Amino acid sequence: MLVVDDVHVRFGDVVAVDGVSLDLAPGEILGLVGDSGCGKTTLARVIVGLERPERGRVILNGEDLLQLRGARRRSVRRRVQLVFQDPESCLSPRLTIGQTLEEPLRVAGWRDRRERVARVEQLLELVGLPSALAARRPRALSGGQRQRIGIARALASAPDVLVCDEPVSSLDASVRAQVMNVLLDLREELGLSVLLIAHDHALVHQACDRVLAMRTGALQPG
Ligand SMILES: Nc1ncnc2c1ncn2[C@@H]1O[C@H](COP(=O)(O)OP(=O)(O)O)[C@@H](O)[C@H]1O
Ligand SMILES: [Mg+2]
């Protein structure tokens, strides 16, 4: 499904990612753990196309995402989505949740407002939230609800792969399990592949089919 091949990223003198290769099977939840600063977020951003690597390939269903251009690039890119560590990065305080979730649909060419509203309802249902939340603004939501909106937004374009960058690390311990369960249910319900980046080893080992460990830019053997 997704193959990352020998990705290198440097920022000036800092080598953030130093030759990482991994692969993700359909419906698999792959864990990626590692200390702060070892390059996890940079790798995630390369995979979803927010960062260009110095070298390497990111292949989705046989197509190298880094080689694609124009409309084809945009359409393939939609199939790999990022859930940010901090849900605030995809929420605007001035927009309602419904407006926030409609935006990626509009970008993807959903012209009919009623269809967008129906899809928003469906997205909220997928992450276990009541459709009434569409009319609310982010400040009326709890941290766990906001991160569920972050997940719903990533799901809007019906991706095959979700890259989740420490999706529960900003949350209270009490709601972490709930949000993790949302991700696990999505794998069951939609057959999604998930790259789950985390700090908390226990949580990842519980949730994932396989776990890779990263250290200063590279995967550790074994
Ligand atoms: N935009 C950037 N500019 C310069 N250095 C960066 C940038 N993003 C990340 N880094 C550096 O790259 C390394 C890896 O960072 P990051 O990918 O955020 O690690 P992690 O997510 O594992 O904490 C760190 O040394 C960080 O300071
Ligand atoms: Mg990070």
Just give me the residues in region 6-26 being touching a strand residue (DSSP E or B) at 6+ places or on another chain (Cβ under 6 Å) and closer than 16 Å to ALA44 by Cβ, in sequence order. VAL7, HIS8, VAL9, ALA16, VAL17, ASP18, VAL20, SER21, LEU22, ASP23, LEU24
Could you run through region 108-122 and say how many residues are within 22 Å of GLY49 (Cβ to Cβ) and either within 18 Å of the chain's Cα centre (by Cα) or of a type in the set (Lys, Arg) (or both)? 1
Show me the helices (runs of 4 or more DSSP H) found entirely inside region 109-222 where at least 2 residues are more than 27 Å from VAL20 (Cα to Cα) and more than 16 Å from ligand 1 (Cβ to nearest atom). 113-126, 143-155, 173-190
What single numbered condition from (1) loosely packed, with under 15 Cβ neighbours inside 10 Å; (2) assigned to a strand (DSSP E or B) fails to hold for ASP5? (1)
Long-range neighbours under 8 Å by Cβ, at least six apart or interchain, first residue crowded, with 20+ Cβ neighbours inside 10 Å within region 40-52, second assigned to a helix (DSSP H, G or I) and modelled with pLDDT under 95: VAL48/ARG77
Taking the options ASP64, ASP86, name whichever one is within 16 Å of ligand 2 (Cβ to nearest atom) and either acidic (Asp, Glu) or surrounded by 15 or more Cβ atoms within 10 Å (Cβ to Cβ) (or both). ASP86
Just one of (1) of a type outside the set (Lys, Arg); (2) modelled with pLDDT under 95; (3) outside any helix (DSSP H, G or I) trips up SER75, so point out which. (3)
Checked LEU171, LEU195, LEU212 against criteria (within 16 Å of ligand 2 (Cβ to nearest atom), farther than 16 Å from GLN85 by Cα and touching a Gly at 6+ places or on another chain (Cβ under 9 Å)); the one match is LEU212
Mind counting the residues in region 161-220 that are without any contact (Cβ under 8 Å) to a residue 60 or more places away in the chain, surrounded by fewer than 17 Cβ atoms within 10 Å (Cβ to Cβ), of a type outside the set (A, V, I, L, M, F, W, C) and out of contact with any strand residue (DSSP E or B) (no Cβ under 9 Å at 6 or more places or on another chain)? 7
Neighbours by Cβ (under 8 Å, 6+ apart or cross-chain): first from region 119-136, of a type in the set (Ser, Thr, Tyr); second assigned to a helix (DSSP H, G or I): SER131/VAL120; SER131/GLU121; SER131/LEU124; SER131/GLU125
Working only within region 30-62, note down all residues that are in a loop (DSSP other than H, G, I, E, B) and hydroxyl-bearing (Ser, Thr, Tyr). SER36
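The values are calculated or read from the model by the stated rules, or taken from the named source; none is laboratory data. In this text, all values refer to a predicted model and were calculated from it rather than measured experimentally. Positions of Cβ are generated from backbone atoms using ideal geometry, with glycine treated the same way; all protein chains shown enter the neighbour counts.
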